[in-house]
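**Student:** Here's a structure for you.
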């Protein structure tokens, strides 16, 4: 069986607002398997927003582990992410999981990968998935040249650019936000 892959997830902190958005497309090989997948999840009573790219089942397993780490480290997102990345890299079961996560709160964005990376991206913009570079490029330009836009507007417009270019990204967006 071909694995479900490809998507676009984008998170932006701008003008004291965090917004994270995802398209809804899941593919199976070169076929659209579903067009309205929910790839975002709220943790810590909505204080942390997450999104995933990769295998859905794998991502949910990792998100559950991340939530456990958040509870163990009293909501410290960066510490929980580092501990998850360590486990992900060293645990025989976890290291087979194929997904990448974005975790964000009002102050910081993190990209967490199975290679042990916990990245704090530049410009307070995080993007993962097949359309990530299109969305990230658009978000950087919009933050710079349209500073009056809200974080939600930047995410929506940037995902639209990605969906117009990337065949693995559709226009069925889900966007969540947190105001500071």
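The values are calculated or read from the model by the stated rules, or taken from the named source; none is laboratory data. Nothing here was measured: the structure is a model prediction, and the numbers come from that model. Glycine gets a Cβ as well: all are built from the backbone with ideal geometry, and neighbour counts include every protein chain shown.
**Student:** Of the residues 32, 37, only one is touching a residue at least 60 places away in the same chain (Cβ under 8 Å) and more than 19 Å from residue 126 (Cα to Cα); which?
**Tutor:** Going through 32, 37 in turn, just one is touching a residue at least 60 places away in the same chain (Cβ under 8 Å) and more than 19 Å from residue 126 (Cα to Cα): 32.
**Student:** I want to confirm something. Restricting to segment 8-34 and keeping residues that are more than 17 Å from residue 153 (Cβ to Cβ), in contact with a strand residue (DSSP E or B) (Cβ under 8 Å, 6 or more places away or on another chain) and surrounded by fewer than 17 Cβ atoms within 10 Å (Cβ to Cβ), which single residue is modelled with the lowest pLDDT?
**Tutor:** Checked segment 8-34; the qualifying residue modelled with the lowest pLDDT is 28.
**Student:** Let me spell it out: the conditions are (1) more than 21 Å from residue 28 (Cβ to Cβ); (2) surrounded by 16 or more Cβ atoms within 10 Å (Cβ to Cβ); (3) at pLDDT 95 or above, and residue 132 meets all of them except one. Which number is the exception?
**Tutor:** Here residue 132 clears every test but (1).
**Student:** Residue under question is residue 78, and the condition is that it be closer than 24 Å to residue 65 by Cα, in a helix (DSSP H, G or I) and modelled with pLDDT of 95 or more; does it hold?
**Tutor:** Considered against the rule, which asks whether it is closer than 24 Å to residue 65 by Cα, in a helix (DSSP H, G or I) and modelled with pLDDT of 95 or more, residue 78 comes out as yes.
**Student:** Among the numbered conditions (1) at pLDDT 95 or above; (2) surrounded by fewer than 20 Cβ atoms within 10 Å (Cβ to Cβ); (3) assigned to a helix (DSSP H, G or I); (4) out of contact with any strand residue (DSSP E or B) (no Cβ under 8 Å at 6 or more places or on another chain), tell me where residue 86 comes up short.
**Tutor:** For residue 86, the exception is condition (1).
**Student:** Looking at (1) surrounded by 16 or more Cβ atoms within 10 Å (Cβ to Cβ); (2) touching a residue at least 24 places away in the same chain (Cβ under 8 Å); (3) more than 15 Å from the chain's Cα centre (by Cα); (4) more than 17 Å from residue 23 (Cα to Cα), which is the one condition that is false for residue 118?
**Tutor:** (3)
**Student:** Oh, and also: Among the residues that make up segment 144-156, is at least one of them under 18 Å from residue 27 (Cβ atoms) and in a loop (DSSP other than H, G, I, E, B)?
**Tutor:** no
**Student:** Additional query: Output the residues belonging to segment 116-131 that are more than 18 Å from residue 176 (Cβ to Cβ) and part of a helix (DSSP H, G or I).
**Tutor:** Within segment 116-131, 122, 123 meet the criteria.
**Student:** Out of segment 121-136, which residues are in contact with a strand residue (DSSP E or B) (Cβ under 9 Å, 6 or more places away or on another chain) and free of Cβ contacts under 8 Å to residues at least 60 places away in the same chain?
**Tutor:** Within segment 121-136, 121, 123, 133 meet the criteria.
**Student:** Shifting gears a bit: With respect to residue 69, is the statement that it is surrounded by fewer than 22 Cβ atoms within 10 Å (Cβ to Cβ) and in a helix (DSSP H, G or I) true?
**Tutor:** The answer is yes for residue 69.
**Student:** Do you know which of the residues in segment 94-115 that are more than 14 Å from the chain's Cα centre (by Cα) and outside any loop (DSSP other than H, G, I, E, B) is surrounded by the fewest Cβ atoms within 10 Å (Cβ to Cβ)?
**Tutor:** Result: 96.
**Student:** Considering segment 45-59 alone, what residues qualify as being modelled with pLDDT of 90 or more and either under 16 Å from residue 8 (Cα atoms) or surrounded by fewer than 17 Cβ atoms within 10 Å (Cβ to Cβ) (or both)? Talk me through it step by step, then tell me what you get.
**Tutor:** Keep residues of segment 45-59 that are modelled with pLDDT of 90 or more, which gives 45-53.
The answer is 45, 46, 47, 49, 50, 51, 52, 53.
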